[in-house]
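One structure is given here, and the rest of the page talks about it.
Read-outs: derived from the displayed coordinates by stated rules, not from any lab. Keep in mind it's a predicted model, so treat the numbers as computed, not measured. FYI the Cβ positions are ideal-geometry reconstructions off the backbone, even for glycines, and counts take in every protein chain you see.
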Amino acid sequence: MTGLRELQQAFGESLRSEQAMQLAPWICADGIPGMRRVQIYRNNHATSLTEALRAAYPVVEKLVSEGFFRFAAHRYTRKFPSTEGNLHGFGRDFARFLGQFPPAKDHRYLPDVARLEWARHEVYHAGGHAPMAPQSLAAVDPAAYESLRFTIHPARRLLRSPYPVVRIWEVNQPDWKAGQTVDLSASGDRVLVLRTQGQIEFHRLAPAEYRFLDTLSAGCTLGRAAEAALAREPDFDLNRSLVKHVQNHTLVGFALA
Amino acid sequence: MTARCEQFAVRSIPARAGIGLRSEHYQAVIANRPQVGFFEVHSENYFGSGGVPHRYLETIRADYPLSFHGVGMSLGSVDPLSTAHTRRLKQLVDYYQPDLISEHLSWSSVGGTFFNDLLPLPYTPEALHHVVDRVRQIQDRLQREILVENVSSYLQYTHSTIPEWEFVNEVALQSGCGILLDVNNIFVNATNHNFDAQTYLAGVSPQLVKEIHLAGHTVNEFEDGSILIDTHDQLVCDEVWSLYRGAVSRFGPKPTLIEWDTDLPELTVLLEEANKAQAVLEAAHDRVA
Amino acid sequence: MTNTKTLVSTAVSSLMLLGIAGTTVPANAADMEKCYGVVKAGKNDCQTANSSCAGTSTKDGQKDAWLFVPKGTCEKLVGGNTKAGA
């Protein structure tokens, strides 16, 4: 398969770099030069992946403008090439990339806004899960309650930022009517991203409640999560938090051990 | 997507006009239940485990014939077929039981890097042999017949020795798959590469054509000439409608899809385009009757 | 900690009561939204990455130098020390 393999490798090089000329001898030059034709494919390739990023990160795009976003997307694609025919996972490293992207260094909140948008994207596509049947807890020995570990619904993500990322996200929505000014010195956000009935929501959480869920989602026991939350806030309402997150189907199963 | 057995069943897709199903139109489709012959989705858009896209597709699939159109299989690549990709596609096929499954006669990855674009194959005996083998592998893994679609191209290779129509026809004949004939892509390539579109139609065996695609394209002007780009962002042009009528009289009425991907208009615009195709199909049905 | 043990025991017992009452949304859901700040973050028709089989007719605009500076609504974010080294 030497011919086809060599051709595809040369084509790939030409898409990655405008300097690559290995493909030139393979292309008919009838009227329009071969490398101008290859440029069409470079554009298709860049646009296809940029559009995938734009769909997942509309707020980041609005914050930095379309032109800068395209520039960043282009660099991102070079650093983290697509490795699948399915584009759902493409862009998973964009927040990390933005954090190390010198032209964006004066906008330190950008990676966190990107993280929020990626959480939203993942929750959009995540699978479902039946709610917990709390009656089945009756089979658990009360002495073992502290050792319970909970399963988190697949369409839930937790995220915290020192910046008011939810507010930043909100004011950059197409239907937002009020002013766009955001005070970055306002307190940061702790967010539960969830999907209910096909609708995605951001729930702001109090610090102790966030720590409670975060500890549970790390696979720790209920006792450990309760202690962590109480250490953060001695008045933490464990009863209310546990009931709330079973009711909103964030905690969907349990196991002992 | 929840695992329920035998919820959907493969039906024979009608020789009617259908439209692509895009997320922007989910709610309009559910609310209006438009009269279309079928919906076609890009298979990869449902590769997620569940969530919003599957919620809608399950509802829509219950009421309409469905076609799965793959854009990311990288059929013609020399890289091994992605097991993860074919396995996920198989799960989706088993669950939704689409009436048609298609892939593009192109490649999009090499050395593990995906360009997520439909790149042209050289039309050589080597490439033909390779693609025939790949189609067989896919059909084996899916346990279903697939259709392969001819793509638009913006360059030709110096070492191609087989006319495109012959290549497409041979892939289907030798591998036992069907052909999804994109009439707009034939027009685009005939213009870009200076051949007669009628010769193309005459070179394709009627019994192999199982579906037809129609779409709009864009003319890109360069200082030394123009190239047609398959942009799927506008109405089907008059020349392509005329070529389509020729195709329907040669191949008979076939399920026909209006494709629109970029600058997506209101659902009604797609439905009006589908009605135009439907009129051509009905005229052909009348002639057959 | 005995305190934690008691709290955990009460909370799990409340859950079991919930099972008997059914898992409907409580009447104070609206209050919860107010307290915790629920933001509707995606309608059913929201955009998602679409795998496409279309080409593009737009030309590549990478070479414009002005693109290298973020110039969107980020200018409306004020206050706080976000600058590197600040």
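How would you classify segment B:2-59 from its alpha-carbon gyration tensor, with a ≥ b ≥ c the square roots of the eigenvalues: rounded for a/c under 1.5, else prolate if a/b is greater than b/c, otherwise oblate? Taking the square roots of the gyration eigenvalues as a ≥ b ≥ c, segment B:2-59 is oblate.
Taking θ as phi - 60° and the Karplus parameters 6.51, -1.76 and 1.60, the scalar couplings of segment A:133-142 work out to 9, x, 4, 5, 5, 4, 6, 8, 5, x Hz in sequence order, x denoting glycine and proline. Note on chain B: helix-only mean residue ellipticity at 222 nm, from DSSP H runs of 4+ residues weighted -39500 (n - 2.57) and normalised by residue number, equals -12500 deg cm²/dmol.
Kirkwood analysis of the Cα pair distances in the protein assembly as shown returns a hydrodynamic radius of 26.8 Å.
Here's the picture: a label point sits 7 Å out from the Cα of B:HIS129 along the beta-carbon direction, and within segment A:1-41 the residues with their amide nitrogen under 19 Å of it are A:1-9. Residues whose amide H lies under 5 Å from that of B:ARG16, counting only those 5 or more places away or on a different chain, are B:THR256; hydrogens are built 1.01 Å from N in the peptide plane.
Modelled spin labels at B:THR158 and C:LYS71, positioned 7 Å past Cα toward Cβ, are 4.3 nm from each other. In terms of the Cα gyration tensor, with a ≥ b ≥ c the square roots of its eigenvalues, is segment A:103-157 rounded because a/c is under 1.5, prolate because a/b exceeds b/c, or oblate? Oblate is the answer for segment A:103-157, as a/c is 1.5 or above yet b/c matches or exceeds a/b. Taking Cα centre as origin and charging only the Cβ of basic (Lys, Arg, +1) and acidic (Asp, Glu, -1) residues, the dipole magnitude of chain A rounds to 440 debye.
Provide a whole-number value for the mean count of partner chain Cβ atoms within 10 Å of the Cβ atoms in peptide A:60-68.
For peptide A:60-68, the averaged partner shielding equals 6.
With R₀ fixed at 41 Å, the C-beta to C-beta distance from B:ASN275 to B:ASP79 puts the FRET efficiency at about 0.45. According to the square roots a ≥ b ≥ c of the eigenvalues of the Cα gyration tensor, what is the shape class of segment B:17-288, taking rounded for a/c under 1.5, prolate for a/b larger than b/c otherwise, and oblate for the remainder? Rounded is the answer for segment B:17-288, as its axis ratio a/c remains below 1.5. Note on segment A:61-168: Cα-Cα pairs beyond 21 Å make up 52% of the total pair count.
For segment A:152-195, trypsin sites (Lys or Arg not before Pro) meeting the loop criterion (DSSP other than H, G, I, E, B) and having at most 15 other Cβ atoms within 10 Å: A:LYS177. Projected label points at A:ALA24 and A:GLN173, each 7 Å from Cα along the beta carbon direction, are separated by 5.4 nanometres.
Take the alpha carbon atoms of chain A, find their radius of gyration, then divide it by 2.2 N^0.38 Å using N residues; give the quotient.
After normalising by residue count via 2.2 N^0.38 Å, the value is 1.32.
Near the amide H of C:ALA41, within less than 5 Å, lie the amide hydrogens of A:ILE200, A:GLU201, A:PHE202, all on another chain or at least 5 residues away, with H placed in the peptide plane. Look at the stretch A:191-200: the mean tally of other chain Cβ atoms within 10 Å of its residues' Cβ atoms is 5. Annotation: amide H of B:SER102 within the under-5 Å range of B:PHE68, B:HIS69, B:GLY70, B:LEU147, sequence separation 5 or more or interchain, hydrogens built in the peptide plane. Per-residue ellipticity at 222 nm computed for chain A from its helices equals -14500 deg cm²/dmol, with DSSP H segments shorter than 4 residues left out and the rest contributing -39,500 (n - 2.57).
Computing FRET efficiency as 1/(1 + (r/R0)^6) for B:GLU266 and A:ALA144, where r is the C-beta to C-beta distance and R0 is 51 Å, gives about 0.30.
Shielding value for A:86-97 is 4, the average number of Cβ atoms from other chains within 10 Å of each residue's Cβ.
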